[in-house]
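Right, one structure below, let's go through it.
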């Protein structure tokens with residue numbers, strides 16, 4: 001099985017983290033994905049050469065958010081009883097926003113394709129968000145009869161303001177890259193082919209003498 005998260009560092013101190021489950025549009029609630037992402041963040045924080053990280057998704061989407069199969073009764077998320085479900089969230093996906101918040105290395109989300117549910121929340125865990133023109137966002141939990149269990153209810157209003165966050169959370173409607181730019185969810189929208197270049201900081205100046 002391939003790595004759930006790819007870690008690539010270049011000579012300029014730019015680390016690219018790629019969610020690597022393209023066949024499922026990169027859900028982040030699987031135990032394997034959570035463990036891999038936490039390990040990547042720990043490695044990033046321990047790397048003295050790392051000055052910035054770019055988080056993106058393999059394939060046609062950034063992240064589909066939750067794995068629907070794990071939300072069924074008895075799954076890793078829906079653990080059967082309210083207490084067990086709360087503990088499953090606490091020991092699982094809720095570790096991600098805490099890990100991102102503890103990072104000293106800034107993280108830029110390079111959003112390719114859809115960022116839905118927990119995938120949308122994952123972008124809000126990053127310090128900056130840049131979208132390709134095909135990017136789409138949805139706080140879609142309400143359409144499954146759920147609320148954000150990964151910190152999204154706290155994160156999203158702080159990124160885009162209470163009114164727009166309430167609209168997204170209460171309707172679950174998808175917004176495109178242009179609307180995401182207009183409401184401040186992303187700071188730039190670029191052609192898809194230019195996304196990773198736009199997300200990469202400029203190289204360090206060469207010393208003379």
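Before moving on, here are some points about what is shown:
- Qualifying residues in region 1-34 (those that are without any contact (Cβ under 8 Å) to a residue 12 or more places away in the chain and not in a strand (DSSP E or B)) - the one nearest to residue 126 (Cα to Cα): 10
- Counted residues, region 94-123 - those being more than 15 Å from residue 57 (Cβ to Cβ), without any contact (Cβ under 8 Å) to a residue 60 or more places away in the chain and assigned to a helix (DSSP H, G or I): 5
- Filter result (touching a helix residue (DSSP H, G or I) at 6+ places or on another chain (Cβ under 7 Å) and either modelled with pLDDT under 95 or surrounded by fewer than 18 Cβ atoms within 10 Å (Cβ to Cβ) (or both)) within region 35-49: 38
- Residue in region 166-180 that is surrounded by 18 or more Cβ atoms within 10 Å (Cβ to Cβ), farther than 22 Å from residue 25 by Cα and touching a helix residue (DSSP H, G or I) at 6+ places or on another chain (Cβ under 8 Å) present: no
- Within region 60-93, the set of residues being in a loop (DSSP other than H, G, I, E, B), modelled with pLDDT of 75 or more and touching a strand residue (DSSP E or B) at 6+ places or on another chain (Cβ under 9 Å) comprises 60, 61, 62, 64, 66.
- Pairs with Cβ under 9 Å, 6+ apart, first in region 140-156 and without any contact (Cβ under 8 Å) to a residue 60 or more places away in the chain and on the phi > 0 side of the Ramachandran plot, second surrounded by fewer than 23 Cβ atoms within 10 Å (Cβ to Cβ) and assigned to a loop (DSSP other than H, G, I, E, B): 151/94
- Yes/no for residue 100 being surrounded by fewer than 24 Cβ atoms within 10 Å (Cβ to Cβ), at pLDDT 90 or above and either farther than 19 Å from residue 185 by Cβ or in contact with a helix residue (DSSP H, G or I) (Cβ under 6 Å, 6 or more places away or on another chain) (or both): yes
- Cβ-Cβ under 7 Å pairs, at least 6 apart or on other chains, region 179-198 side at positive phi and part of a loop (DSSP other than H, G, I, E, B), far side loosely packed, with under 14 Cβ neighbours inside 10 Å and at pLDDT 95 or above: none
- Applying the set (1) under 19 Å from residue 63 (Cβ atoms); (2) part of a helix (DSSP H, G or I) to residue 150 leaves exactly one unmet item: (2).
The values are calculated or read from the model by the stated rules, or taken from the named source; none is laboratory data. Predicted, not measured: the structure shown is a model, and the values here were computed from it. Heads up, the Cβs are rebuilt from the backbone with ideal geometry, glycines too, and the neighbour counts pull from every protein chain shown.
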